[in-house]
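In what follows, a structure is listed as structure tokens, so that the remarks can point back to it.
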Amino acid sequence: MEQPADVDVLICGAGASGLTLAIDLARRGVAFRIIEKLPAPFAGSRGKGIQPRSQEVFEDLGIIDRLFALGGTYPPQREYLSDGSFADSVLMEVSDPNPAEPFNQPLMIPQFVTEQVLRDRLAEFGHQVEYGCELTGLEQGADDVTARLTTTAQERVIRARYLVGADGGRSFVRSVLGVGFPGKTLGVRALVADVTLEGLSTDVWHRFGEGDMERQIAICPLAGTNLFQIQAPVPLEGPVGVSAADLDVMIADRTGRSDVRIGIVGWASVYSMNARLADRYRVERIFLVGDAAHTHPPTGGQGLNTSVQDAYNLGWKLAAVLNGAPVSLLDSYEEERRPIAAGILGLSTGLLTQMQQGVMRRGREVHQLDLSYAGGSLAAADCDSGLTPKAGDRAPDAELTGAAGQGRRLFDLFAGPHWTLLRYGSVVPEVSARQGLRIHGIGPGCELRDNGGQFQRFYGVKTGDCVLVRPDGYIGLIAASARISDIEDYLAKVGLSQ
Ligand SMILES: Cc1cc2nc3c(=O)[nH]c(=O)nc-3n(C[C@H](O)[C@H](O)[C@H](O)COP(=O)(O)OP(=O)(O)OC[C@H]3O[C@@H](n4cnc5c(N)ncnc54)[C@H](O)[C@@H]3O)c2cc1C
């Protein structure tokens, strides 16, 4: 007789992607373990930019206000010129406040703080990362994955129904699976270091030697800390010193200033930039998320964000399938996320080329709000073509009023692990209530009023239209009221049949 698995999901790696997946599975009641080979949390600032779309994800996961309280906005950049003068300019373009897009600029927060907030949220669900526990072997069977876990004290074998490799750019899981990781090394090697220093203000991002890859150095105050993050290209070969004395010399050489002095080096790393994309994101019961599936140059602050959103895309699908949804739902993970990563690799390498030419300005293209799964297998063909947004697009926010007179945001209705069906201008949608689906009417006499007309405008709906929103905040389907059978068919496909 078949033995039950020890756990439903084993997450290998507790970086940003593994932790996001863990929270999403925890809030869905999935039995999982999350292991991390490091003995303690990683301490570097690395991915310090949280883009607006990831902010929306973190709002859904219940941590956005904590992150904003601990981080801050990006300061202007100060470019020092060779004649000793400097010019200040805006680095991050900020779009106008817009109720459809509540977050309009990147949040700066060091990655080690973001990950601490994620771990705290995970703890609120009663889960902890197992530190000092390394995945050292795996084998895939028809019904489960056998994983060898090694700690300093012991070696154990466990069986999981699914395994997720959230184990970073040098992914062990990817290499055991033999999944190719083609791409290129970008011919740029760089130093990154978190330091305390004196001699520079904390109100601007100091940039020296822009456009000169031998002399360039950028020193950014890390919001919410007393640290600065130093980033500087270094020679492709040879040792690079990262002690306080070494960095003093590098700064003096590249800035011509002797008044900038390093205090403590909290963390430092020298790395070569790569742009690579895994050939596959899934092999049967094993998935790759985050840097294990794609690595980017840091330009544009996309890597951590893409990683978090991989996990957010996979979490609800794994939970649904474990709960009885058709297994084919899992095919949509690679189908949706791999093209997104391919596009983002193009964006971040393009921004790297611009930076090498001394151009640094970031706008909407890095916000990740326009990413879409339109045209994919989970984006039902619209019955009424020409509607914007389309099925597969991000579902916009909107300000509504509850029948009790309180203000309500659409994102408040979406928050949580459920699907949401919105029907415009009708009291009771004909789709019946069921577990995992929240149904709301919007319009006169309904539980929600579209007093400002935002919902109608942002979704382009007509009276009687229905909008089905996925648990990860993308539109699954927009249908006219006469097409209730389309909605039922769609719900059956994702495991929500009556
Ligand atoms: C200098 C620099 C600047 C960056 N700037 C930005 C930025 O501004 N914005 C942005 O979005 N991104 C940025 N990034 C990228 C960002 O840091 C990564 O994309 C992000 O960390 C990926 O998260 P992850 O969870 O997929 O992988 P990781 O953070 O690499 O986590 C993987 C984890 O898996 C663990 N692990 C590995 N193998 C095993 C095993 N066999 N068993 C158990 N555990 C294992 C590792 O120890 C590690 O903790 C930057 C990166 C660098 C280097």
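Residue pairs whose Cβ atoms lie under 8 Å apart, separated by 6 or more positions or on different chains, with the first residue in region 296-320 and assigned by TED's automatic domain parsing to the domain that holds residue 46 and under 16 Å from residue 13 (Cβ atoms) and the second more than 8 Å from the ligand (Cβ to nearest atom) and modelled with pLDDT under 85, are 303/348.
Okay, residues lined up against (1) more than 15 Å from the ligand (Cβ to nearest atom); (2) over 29 Å from residue 135 (Cα atoms):
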{"position": "9", "(1), (2)": "no, no"}
{"position": "18", "(1), (2)": "no, no"}
{"position": "59", "(1), (2)": "yes, yes"}
{"position": "66", "(1), (2)": "yes, yes"}
{"position": "71", "(1), (2)": "no, yes"}
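Elements of the type strands (runs of 3 or more DSSP E) sitting completely within region 213-309 and holding at least 3 residues that are under 26 Å from residue 354 (Cβ atoms): these cover 217-221, 228-234, 261-277. When you go through (1) closer than 15 Å to residue 315 by Cβ; (2) within 8 Å of the ligand (Cβ to nearest atom); (3) of a type in the set (A, V, I, L, M) one by one for residue 38, which number turns out not to apply? It is condition (1) that residue 38 fails.
Name the residue, out of 197, 222, that is under 21 Å from residue 42 (Cα atoms), modelled with pLDDT of 95 or more, surrounded by 19 or more Cβ atoms within 10 Å (Cβ to Cβ) and not β-branched (Val, Ile, Thr).
Details: 197 fails: under 21 Å from residue 42 (Cα atoms).
Only one candidate qualifies: 222.
In region 20-33, what residues are within 16 Å of the ligand (Cβ to nearest atom) and within 18 Å of the chain's Cα centre (by Cα)? Within region 20-33, 20, 21, 22, 23, 24, 25 qualify. Restricting the first member to region 42-55 and to residues that are in the same structural domain as residue 472 (by TED's automatic domain parsing) and more than 17 Å from residue 168 (Cβ to Cβ), and the second to residues that are among the hydroxyl-bearing types (Ser, Thr, Tyr) and modelled with pLDDT of 95 or more, no beta-carbon pair is closer than 9 Å while six or more apart or on different chains. For residue 170, indicate whether it is outside the structural domain of residue 264 (by TED's automatic domain parsing) and part of a loop (DSSP other than H, G, I, E, B). Considered against the rule, which asks whether it is outside the structural domain of residue 264 (by TED's automatic domain parsing) and part of a loop (DSSP other than H, G, I, E, B), residue 170 comes out as yes.
Does residue 290 satisfy the condition of being in contact (Cβ under 8 Å) with a residue 12 or more places away in the chain, within 20 Å of the chain's Cα centre (by Cα) and on the phi < 0 side of the Ramachandran plot? Break it down into steps so the answer makes sense when it comes.
On the way: in contact (Cβ under 8 Å) with a residue 12 or more places away in the chain: yes; within 20 Å of the chain's Cα centre (by Cα): yes; on the phi < 0 side of the Ramachandran plot: no.
Criteria not met by residue 290.
Do we find that residue 249 is closer than 28 Å to residue 346 by Cβ, among the β-branched types (Val, Ile, Thr) and surrounded by fewer than 19 Cβ atoms within 10 Å (Cβ to Cβ) in this structure?
Values: closer than 28 Å to residue 346 by Cβ: no; among the β-branched types (Val, Ile, Thr): yes; surrounded by fewer than 19 Cβ atoms within 10 Å (Cβ to Cβ): yes.
The answer is no for residue 249.
The values are calculated or read from the model by the stated rules, or taken from the named source; none is laboratory data. Please read these numbers as outputs of a predicted model, since none were measured by experiment. Cβ coordinates were reconstructed from backbone atoms using ideal geometry, including for glycine residues, and neighbour counts include every protein chain displayed.
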